[in-house]
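The values are calculated or read from the model by the stated rules, or taken from the named source; none is laboratory data. Everything numeric in this text was worked out from a predicted model, so none of it was measured. A quick note on method: Cβ atoms are made from the backbone with ideal geometry, for glycine too, and the neighbour counts reach across all protein chains shown. Remember, those area values only see protein heavy atoms, side chains included, never the ligands or the DNA or RNA. Shrake-Rupley method; radii C 1.70, N 1.55, O 1.52, S 1.80 Å.
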Amino acid sequence: QSDTPELVEFTKPKCTGGEVLRLWQSDANLLLEEFLCLEGRGDYLQDLCVCGDDAATYHCQDCHGCELFYRLCMICSHERHPLHRIELWDGISFYSVTLKSMGICLQLGHASGVSCISPLSAHNDNFVIIDYNSIYEVGLDFCGCAYAKPHIIQLLRVRLFPATTVDLKTAATFRALEYFQMLSFESKVSTFEFYKTAACLTDNTGIHIPKDRYKALLRMMKRTGQGHHPDGIGATKPGACAVLCPACPHTGKNLPDGWENAPSEIRPRFLYALFLAIDTNFRLAHCNVSSDIIDPGLNRGYAFFVEEQAYKGFIGSHERVIQEYNFAILEVQECINDLINFEASLAADELVEWRKDIEAWEADCSQPNPFEGRAMTTMTQAAVHLALSMAEAAEIERGNNMCRLGFDAKAIGQHTTDVQKGKILQSMNTLCRRIDTWAQVQLLYMPSVSHLRSPDDIATETKAHNISLFLPTLHGKTQSIFILSCQC
């Protein structure tokens, strides 16, 4: 027998979703008690601070732990943390207070803990800092020493991005701007929604609403840019900040060497082709401005949009070319529509055969040209007019001109022009006068027609093409009456 103990494989049982919820429900009362404990003083029920000088009534929401401190102890521990949220215990509950009201002031231009001999307060002592979790009213002093940096540089050195360059009253932390940029990429959150979230985290009761700095935040949104250029921003070339499409073909980047020499059977047409399309960004409607003077743009053609003045100058110099191009597009579209209608009138088998002949001729020009081989006769516009005139003359000779006038009168629609109405009315009047002359002559040779038509029929009929002529060749009854009258 071996003295080596036998290893038993132990498998941890897996908990299903329902079992996890049942375990949580068994501890629900414990969790509720802890939540309520955190709303109050918790385990720190002592009256004195850890320093033993005075009552501990101040609590920081952002510091680790739930300890309560005396006012001076809280100030000392937050000289390097001016953007923490402080609460004060009033004997019943906590309410928010600012570090500015406690006397803490953020000194710029010097190392932490070093006093400035010539501090300069912010504009009207009304400085607001926007962070990702709150909006803070802080006391802030700039350095006014002889060798002090400009105010905007002093803010940037502590990672605060100013909203303006003069009369500085608002800044945002780099952390807030980076947080919003990533949040907008992942969840499509707008600037307004992000700002309202920070305002509600500051005070969600609506009683102590923070100062409105939404428009200032809009001026601080990070877009794009480039750095480390020896000649600065002015040397940035048009389109240098645009991000190239990784799916588009770029020589030397995503195309193999010698791709232009690849045989046609290996290199399909679409494989190395550049496809361009136009899309619409409806959100750009929110960026409409009255003029470039009131709201100047910072992008001078560095990214996807070209420089405005250069674009307008180009359009002005090529306006005529653009108009001709637009007219050409309309003509092309009209030709395409005519081709579609023409193909619809052809038989399917003839159309398939015609396409095969065209594709064969385009691939190899030595093949017979289908356009030349099938052009048997030439039909001109004059020949078409002649054929139509001859057909009309034949109709008039057969007496069918009245039928054509009736067809033209029915063909006009509700939106007929005055010219069309005038032509139809003129034709009807002319026909009516000819029928009246014909009726007078007809009574001499066909007296019996007077029994079939009264003298007022022609004058009262509004539509001349509806008047019956009582021709002997078209009416058997009229013809018999005509014969009887002749016999008499």
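Overview of results
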{"item": "Residue satisfying all of: in the stretch 123-146; of a type in the set (S, T, N, Q) and assigned to a loop (DSSP other than H, G, I, E, B); most open to solvent (accessible area, probe 1.4 Å) among these", "result": "N126"}
{"item": "Set T165, T197: member being in a helix (DSSP H, G or I) and open to solvent by 20 Å² or more (accessible area, probe 1.4 Å)", "result": "T197"}
{"item": "Residue match in the stretch 41-56 (condition: at pLDDT 85 or above, at negative phi and either part of a loop (DSSP other than H, G, I, E, B) or small (G, A, S) (or both))", "result": "no"}
{"item": "First in the stretch 150-164 and over 11 Å from F174 (Cβ atoms) and assigned by the TED database to the domain that holds D131, second anywhere and in a helix (DSSP H, G or I) and open to solvent by less than 50 Å² (accessible area, probe 1.4 Å), Cβ under 7 Å, 6 or more apart", "result": "P162/L155; A163/A216"}
{"item": "Number of the exception - C365 against (1) modelled with pLDDT under 85; (2) among the hydrophobic types (A, V, I, L, M, F, W, C); (3) surrounded by 10 or more Cβ atoms within 10 Å (Cβ to Cβ)", "result": "(3)"}
{"item": "Verdict on Y179 being part of a loop (DSSP other than H, G, I, E, B) and aromatic (F, W, Y)", "result": "no"}
{"item": "Yes/no for V189 being surrounded by 12 or more Cβ atoms within 10 Å (Cβ to Cβ), β-branched (V, I, T) and assigned to a loop (DSSP other than H, G, I, E, B)", "result": "yes"}
{"item": "Sole exception among (1) part of a loop (DSSP other than H, G, I, E, B); (2) within 45 Å of the chain's Cα centre (by Cα); (3) surrounded by 15 or more Cβ atoms within 10 Å (Cβ to Cβ) for H110, by number", "result": "(2)"}
{"item": "Check on I92, open to solvent by less than 50 Å² (accessible area, probe 1.4 Å) and not aromatic (F, W, Y)", "result": "no"}
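Quick grid of which residues meet (1) within 23 Å of A163 (Cβ to Cβ); (2) modelled with pLDDT of 85 or more:
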residue	(1), (2)
K211	yes, yes
K222	yes, no
G234	no, no
L244	no, no
P296	yes, no
